Every structure is written in structure tokens, then in C-alpha cells.
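Structure record follows, encoded as C-alpha cells.
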Amino acid sequence: MITSQRVLKAAGKHVSRTLLAARSALGAPRHRYCPACRRDVAGFFRYGAEAEWGCLQCGASPRERLMHALLDAGLITLPAGAAILHCAPNEASLVERFRAGAGDYVPADIDPERYSVPGMQRLDLMTMTDEARFDRIYASHVMEHVPDDAVVLRNLLRALKPGGEAWLLVPLWSKPSEDGSLDLSPRERERRFGQWDHVRQYGRDFGDRIAAAGFTVETIDADALPAAQVRRMALADTLFRARRPA
């Protein structure tokens, strides 16, 4: 659905990226670093309210860069030969990284035709029936789309092996989480939750919902990393690390 908000954000992104590319071509110092493509860059382009959103070289978002930085720092780990479920695999650098170390890599979405990732599978998280199959499940900006997040969280718990982890990222605001009814119009969803296809907006109490499904939960913010590193990589977002008890 095309809305004025989406058009303005896309236009702002294009202008910011063009200006940054021009600065880079003119020899601007490359004092910043993208852990997704592992290159020094002149900066990061704007998208919406985020002044330093995308990598000029590979397009990686702050949350994509955060995942690489946390993995590089060993704050989260991928076991060798892990079984990994990658929900909505939009981030090419993470597709490559997860697939490289996995014994069973499953990229999946309810609408797999949207992706060019090899091996895409159709998966409805509301009805998934896997049991103790995965070591890691990664779902970035997925939970705000599902009709019933309590059902999905229970399904993710069941799909993990004991001791396995779900890595969940969602858009956050400073208020408590707020759900909308499924019959809200796209424009009302955009007004209330920031995007036409979001059915809720999460606060940091998202962790309570995860715990209620049976997980143990740890929140890892970008500032878990050294401040100089956060600045250089323009890291942002919060990872909810949900572990199935062993």
C-alpha cells in the first residue's frame, strides 16, 4: 500500500543516500565502519527519523549491523552446524552468515515469493508445528505483523531445542505495548503503529510477553558494546534473546 508517509520516507532516503554518495566520491574521510559488509564508509544515510540508518555500501540497517557486532563480540553465538530458522530473511548479509555456519538453514516467510533467497519455504508462524528442531530462530521486525503474538511465541518455544534461542527484534516505543484489532484499516494502523501492516506497537514490556510463553529472556541493547564502537558503526535497536530452558 502506497501512503504519503511511505513516499516521504522513501524520498528522504533517496536524497540522503545521493548526498552521502557524492560526499564519498569527493573523498570524504571514511571514519565509520559497517560490520555487515566489513568496510570503512563515509557515513550512513537517513531513513525516516533515523539520521544514520543505512550503510552506503551494502544498505545494512542499524539492527542488521547490531546483529553482526554482537556476533563478532561473542555476546551471542551460532553453534557449529546449527539448525537455524530465519524468518523474513530480508538482510542479505545475515542470510550469508547464518547459512555459512548452519547444518540446517531454513529461510521462511508467509509470502516466500517476495524473496530471492535460495531455498525459501512458506511458513505461517501462527500454525507452525515443528518440535525441538532448531538451535536458533531469528525474527527481526516480524512479531508486530502476526495476528496473535502469544500463539507465535509458544510455537517458537516448541520449535526450539532445549537450550535453543530465539533472537527477536521489534520496533519499540517508550510506552507500554499496545495491540490493535485485526479489522483496523491500513491507514489507522499507520497512524497508530507507524506502518500500514503493523497490528501492534511494542514497548520494552515485550520481554514480559516472551517470558509468559515460557522463555527465559535477556535484553541486549546496542550500548552493551563499547560507546566508541556504537558510534563508529551507528548501532541501534534492542535484541530480545529468548532461551528455551534446558
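Read-outs throughout are calculated quantities, based only on the coordinates presented, and are distinct from any laboratory measurement. It should be emphasised that the depicted structure is a prediction, and the values quoted were computed from it without experimental measurement. Here the Cβ is made from the backbone with ideal geometry for all residues, glycine too, and neighbour counts use every protein chain on show.
In table form, for the structure just shown:
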quantity	calculated
Qualifying positions in the stretch 167-178 - surrounded by 13 or more Cβ atoms within 10 Å (Cβ to Cβ) and free of Cβ contacts under 8 Å to residues at least 40 places away in the same chain	Pro171, Trp173, Ser177
Flag for Ala100 being assigned to a helix (DSSP H, G or I), in contact (Cβ under 8 Å) with a residue 60 or more places away in the chain and surrounded by fewer than 17 Cβ atoms within 10 Å (Cβ to Cβ)	no
Selection count where residues are within 26 Å of Val95 (Cα to Cα) and of a type outside the set (Asp, Glu), scope the stretch 152-185	20
Scope the stretch 196-246; condition over 28 Å from Pro29 (Cβ atoms), assigned to a helix (DSSP H, G or I) and of a type in the set (A, V, I, L, M); matching residues	Ile210, Ala211, Ala212
Candidate set from the stretch 142-166 (those that are among the small types (Gly, Ala, Ser) and in contact with a strand residue (DSSP E or B) (Cβ under 6 Å, 6 or more places away or on another chain)); member that is surrounded by the fewest Cβ atoms within 10 Å (Cβ to Cβ)	Ala159
